[in-house]
Amino acid sequence: MIVRSFKEIEGTDRHVKSASGTWESKRIVLAREKVGFSVHETILYAGTETDMWYAHHVEAVVCTKGEAELTDRETGKTYTITPGTMYLLDGHERHTLKVTEDFHCICVFNPPVTGREDHDENGVYPPPEPEAWGDPQLTEEV
């Protein structure tokens, strides 16, 4: 059993700030836990716009505070995301999040991230490492 709080991981290697300066993420469950998914609390900052494309992951996002405009760059369709709204990127959609009010959300990734990821020039996280799938044959921690 694992019990930890977002508060206790502030300032650790699980607390990641993007190179772009548009978001920070507290990654409370990672690939190293070997459960097949990761869980993060992410804040995207008001007045920012972030292009993302999870080419190698599926992501579910639940907004807990704030507001953002989500645009599916493939269809052009736009959605207003507010507290209590969930979106699921089950088709690896290229998308943009334009934040109008600091946007707090809980994110779940499958396969899990290692905790070191940041978006590349295309908004992509790198492909998952084999241990991200929780391979029982692997003994080395991520």
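The values are calculated or read from the model by the stated rules, or taken from the named source; none is laboratory data. It should be emphasised that the depicted structure is a prediction, and the values quoted were computed from it without experimental measurement. In this analysis, Cβ positions are derived from the backbone assuming ideal geometry, glycine residues included, and neighbour counts consider all displayed protein chains. Calculation scope for accessible area: heavy atoms of the full protein, side chains included, ligands and nucleic acids excluded. Shrake-Rupley method; radii C 1.70, N 1.55, O 1.52, S 1.80 Å.
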Taking the condition of being assigned to a loop (DSSP other than H, G, I, E, B), over 25 Å from Glu67 (Cα atoms) and open to solvent by 50 Å² or more (accessible area, probe 1.4 Å), how many residues in the stretch 1-51 meet it? 10
Could you please let me know if Ala31 is at pLDDT below 95, under 19 Å from Asn110 (Cα atoms) and either under 16 Å from the mean Cα position of the chain (by Cα) or among the β-branched types (Val, Ile, Thr) (or both)? yes
Residue hits (the stretch 86-97; surrounded by fewer than 16 Cβ atoms within 10 Å (Cβ to Cβ) and on the phi < 0 side of the Ramachandran plot) are Met86, Leu88, Asp90, Gly91
Contact list please: Cβ distance under 7 Å, first residue in the stretch 62-84 and farther than 17 Å from Glu101 by Cα, second residue of a type in the set (D, E, K, R) and assigned to a strand (DSSP E or B), pairs at least six apart or on different chains. Arg73/Arg94; Glu74/Arg94
Being farther than 21 Å from His40 by Cα and open to solvent by less than 70 Å² (accessible area, probe 1.4 Å) is the filter here, so list the residues in the stretch 62-77 that pass it. Thr71, Asp72, Gly76
